[in-house]
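Shown next, in structure tokens, is the structure this report addresses.
The values are calculated or read from the model by the stated rules, or taken from the named source; none is laboratory data. The model shown is predicted, which means the values in this text are computed figures rather than measured ones. All Cβ positions, even for glycine, are placed from backbone atoms using ideal geometry, and neighbour counts span all protein chains on display. With ligands, DNA and RNA removed, areas are computed over all heavy atoms of the protein, side chains included. Shrake-Rupley method; radii C 1.70, N 1.55, O 1.52, S 1.80 Å.
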Amino acid sequence: MNMEPTIEGDAVLSDEFVESNVEANLEGSSNGKKSVQIVSKSCELELPEGLKTLLQRLDGELAPAVDSIPILIDTADYGNYFRPECSSPIRKQVRIKVLSALGKCKTLRTINNYSLATSDLSVDEWEALLIPLQSVPGPETVIIHALDSDELEVKMAKYWQGVVQDKPHSLKRLGFYSSPNSDRHVRGPLVGHVAAGFTTTSHVALETIRMGAWEEASVAVDVARMLECTPRLRNFSLVGSCKFDEVAKQALSSALSRAASLKVITLFGPEEELVQVLTEAFVRVNSSLSLESVFCEDCDLSRVGDALGSLLTCNIPRISVGVRADSVSSISSPWNNIVTSLLCTSTLQEFRLDLSDYSHPYDASSLDYLASGIKEIWRTSKRNVCFVFG
């Protein structure tokens, strides 16, 4: 008969502890069958030394203090308690004990659920961490990775709102990332819950927001709500595979156009719609804005070349474009739009083109076309525009 040992009081038993510290008593029952009663020989649990040390550090009893969520699954001393393939009711109780202590740790400055998102935690295990974590003062960075389970993430969304909501004077960096286990992107319910917390309190300390790819247009609307409540935001990053509808485009471009403190926007692998959102936000000259640079990394020119050309005419002093080599062909149309825009721009001070993708060879004839266009700009332009190639 396969039965788990009983736990008395707050004692938590490891598998090794059970083997050496419990005994089984066979008793007869009224129906003639035998039942097994597990009785602990000792009420003291001998946790691994590394785990005991971690718990003492989390409680503030031992230095150094814990300032970020450790990667528990990779620890030789107790990693087997957190690896998904090693799950059992006994190990679960150990996890809850550690996660509860982690949630109550008052020295955390970085909250990043990356390693925990790979551990396949249950609802009560996540709650053991997130419920007390809502009351922890002073985290400066919160990074939330998507979970593989839609249902589980929706249940945890309200707790993440609490973690972020009451930290307006300490929180400096906020990020929403895709799942570390799969291609699951950032979801609407999670961002919606966190954004709802922003509407009640202005996050005056927040300087950086980074958004991973999302599949629901409603996410863009919620991101816009957060931008409206971050008066000191300086850096905004987006992964380009983001879904939009007309309402979402309008909401995000409008919020960006009013982000007076924003200095740098970075796009990673942008799709055309995302570049269009930026163009709409900054196409008009606005003296109240302080935007200095836009970085477009890992660009597929065959898909966003025309949109980038339009962006170059906007009220942005410095634009940097990192081009994927496999997207550069002898077709001149993307370069044609870019060169034409460079000739027409009146506000651009520096254009940086990064051609350092060595995974594929660049098409020489395509680059010749760009070079001839740059020569024409130098010959005819009355303005000093700095061109940087790397």
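For region 89-132, just run the numbers: alpha carbon Rg, then divide by 2.2 N^0.38 Å, N being how many residues it has. Walk me through the intermediate numbers first.
Numbers: Rg = 10.2 Å, N = 44, 2.2 N^0.38 = 9.3 Å.
The reported ratio for this selection is 1.10.
Scanning residues 5 or more positions from V321 or on other chains, those with amide H under 5 Å from its amide H are C296, R352, L353, D354, with H placed 1.01 Å from N in the peptide plane. Backbone amide hydrogens, once placed in the peptide plane, bring I144 within less than 5 Å of G175, F176, Y177, excluding anything fewer than 5 places away on its chain. Taking the Kirkwood radius as Rh and the Cα radius of gyration as Rg, region 48-95 has a ratio of Rg/Rh equal to 0.99. Figure note: C314, C344, C229 ranked by solvent-accessible area, largest first, 1.4 Å probe, ligands and nucleic acids not counted: C344, C229, C314. Of K172/K263; K104/K155; K158/K263; K104/K167, which sit over 25 Å apart, Cα to Cα? Check vs 25 Å cut-off fails for K158/K263. Positive contributions from Lys and Arg (+1) and negative ones from Asp and Glu (-1), summed over other residues with Cβ under 10 Å from the Cβ of T110, come out at 0.
Remark: region 135-151, residue by residue, has Karplus-estimated 3J(HN,Hα) of 9, 6, x, x, x, 9, 10, 10, 10, 10, 8, 4, 9, 6, 9, 4, 4 Hz, where x stands for each Gly or Pro and the curve is 6.51 cos²θ - 1.76 cosθ + 1.60 at θ = phi - 60°. Using the Cβ-Cβ distance between R83 and S135 with R0 set to 22 Å, the FRET efficiency works out to roughly 0.15. Overall size of region 122-227 from C-alpha positions, given as principal axis extents largest first: 33, 31, 20 Å.
Expressed as a whole percent, the accessible area of region 87-131 that falls on carbon and sulfur atoms is 53 (1.4 Å probe).
Summing +1 for each Lys or Arg and -1 for each Asp or Glu, what net charge is found among the other residues whose Cβ lies under 14 Å from the Cβ of Q276? It would help to have the intermediate numbers written out before the result.
Numbers: positive: K243, K249, R303; negative: D245, E246, E271, E272, E273, E280, D306.
So the environment of Q276 carries a net charge of -4.
Annotation: per residue accessible area for region 188-323 equals 37 Å², rounded to a whole number [probe 1.4 Å, protein chains only].
Remark: relative contact order (region 252-358) = 27 percent; criterion is Cα-Cα distance under 8 angstrom and separation of 6 or more residues.
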